[in-house]
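Remarks on the structure that follows.
The values are calculated or read from the model by the stated rules, or taken from the named source; none is laboratory data. Being a predicted model, the structure only gives us computed values, none of them experimental. Backbone-built Cβ (ideal geometry, glycine too); neighbour counts: all protein chains shown.
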Amino acid sequence: MLSVAVPKNVQLAMANGFLQFTGPEGTLIKKTSSTIKVAYYDSRLYVLNGGYRTNFFLSLFRGYLIGVSKGYRRKLRLAGVGFRASVNVDQLVLKIGFSHEVIYAIPKDVVIQCSKVKGTVIIIRGKERQRVNQVASEIRALRQPDFYKGKGIHYDGEVIKLKKGKREGA
C-alpha cells in the first residue's frame, strides 16, 4: 500500500470512479482505473490493489497534486535577429525570421506569457505537465534551432552544439 501526501491547499473528492483535485491553480477531474482502489485518509492518498502498476498511478496522482497546487511551467527562448513574440487575446504571434508572422492558437488549458522587454522569452504555464510540454514542443517545432548559426526557438537551458560550416574546414 503506497501513498502520497496531499498538500493543505488541495481538496480531494472521490465519486463513481472519478477523482477531483481542486487547488489554487484550478481543478482536475480524472477517471481512475477499475483495476485499482484509491483511499483518502488523514491527508494522504493511498493506492491499493494496483498490482504492478501501483507506482504508475501513484506517480500520476502526485503529478496532479503538484499541478493543482503549484502548476507546471516551461520557458522558451527566441534566438535570432528580430525574433519576437507577443500575446494577443488567445493567439501567440511570433516573428521568427519568415516573411510573415506565425500565429499559434493558445489552447484553453494553458497560459502563455511573453517577456515585456524584447519579447524573446515565452513562458508556458498549466496544470498538467504533459500538456505544458506538448504545447512547448509544438511552439518549438515552428522554428527549430539551426545547428550552424544557433537561430531558432530553444528550451530554456538547452545547449545547442554548433556545427562547423563548409568554409571553416574539417
Would you point out the residue of the range 135-154, among those that are buried (at least 16 other Cβ atoms within 10 Å of the Cβ) and not charged (D, E, K, R), that is farthest from residue 88 (Cα to Cα)? 145
Pick from the range 87-105 the residues that are assigned to a strand (DSSP E or B), surrounded by fewer than 15 Cβ atoms within 10 Å (Cβ to Cβ) and not hydrophobic (A, V, I, L, M, F, W, C): which of them is modelled with the lowest pLDDT? 88
Could you please let me know if residue 66 is part of a strand (DSSP E or B) and either out of contact with any Pro (no Cβ under 9 Å at 6 or more places or on another chain) or not charged (D, E, K, R) (or both)? no
Per the list (1) under 22 Å from the mean Cα position of the chain (by Cα); (2) among the aromatic types (Phe, Trp, Tyr); (3) under 27 Å from residue 141 (Cα atoms), residue check on residue 21 breaks on (3)
For the list (1) under 16 Å from residue 85 (Cβ atoms); (2) assigned to a helix (DSSP H, G or I); (3) charged (D, E, K, R), I need the number of the one condition that residue 131 fails. (1)
Are any residues in the range 18-31 out of contact with any Pro (no Cβ under 8 Å at 6 or more places or on another chain), surrounded by 11 or more Cβ atoms within 10 Å (Cβ to Cβ) and either under 17 Å from residue 46 (Cα atoms) or of a type outside the set (S, T, N, Q) (or both), and if so, which ones? 18, 19, 20, 21, 24, 25, 26, 28, 29, 30
What pairs come up if the first residue lies in the range 87-103 and is within 14 Å of residue 151 (Cβ to Cβ) and hydroxyl-bearing (Ser, Thr, Tyr), the second is surrounded by 15 or more Cβ atoms within 10 Å (Cβ to Cβ) and modelled with pLDDT of 95 or more, and their beta carbons are under 6 Å apart, counting only those six or more places apart or on different chains? none
Say whether the condition of being under 26 Å from residue 123 (Cβ atoms) and assigned to a loop (DSSP other than H, G, I, E, B) is met by at least one residue in the range 1-9. yes
Does the range 127-142 contain at least one residue that is more than 30 Å from residue 3 (Cα to Cα), of a type outside the set (Val, Ile, Thr), at pLDDT below 95 and not assigned by TED's automatic domain parsing to the domain that holds residue 18? no
Return the pairs, sorted by first residue and then second, in which the second residue is among the small types (Gly, Ala, Ser), the first residue lies in the range 28-51 and is outside any strand (DSSP E or B), the beta carbons are less than 6 Å apart, and the residues are 6+ apart or on different chains. 32/17; 36/50
Restricting the search to the range 47-63, which residues are within 26 Å of the chain's Cα centre (by Cα) and either at pLDDT 85 or above or aromatic (Phe, Trp, Tyr) (or both)? 47, 55, 56, 57, 58, 59, 60, 61, 62, 63
Out of 112, 122, 153, 160, I need the residue that is of a type outside the set (Ser, Thr, Tyr) and outside any strand (DSSP E or B). Which one? 160
Could you count how many residues in the range 1-55 are closer than 28 Å to residue 108 by Cβ, of a type in the set (S, T, N, Q) and touching a Gly at 6+ places or on another chain (Cβ under 9 Å)? 4
Of 161, 108, 116, which residue is within 19 Å of the chain's Cα centre (by Cα) and exposed (fewer than 11 other Cβ atoms within 10 Å of the Cβ)? 108
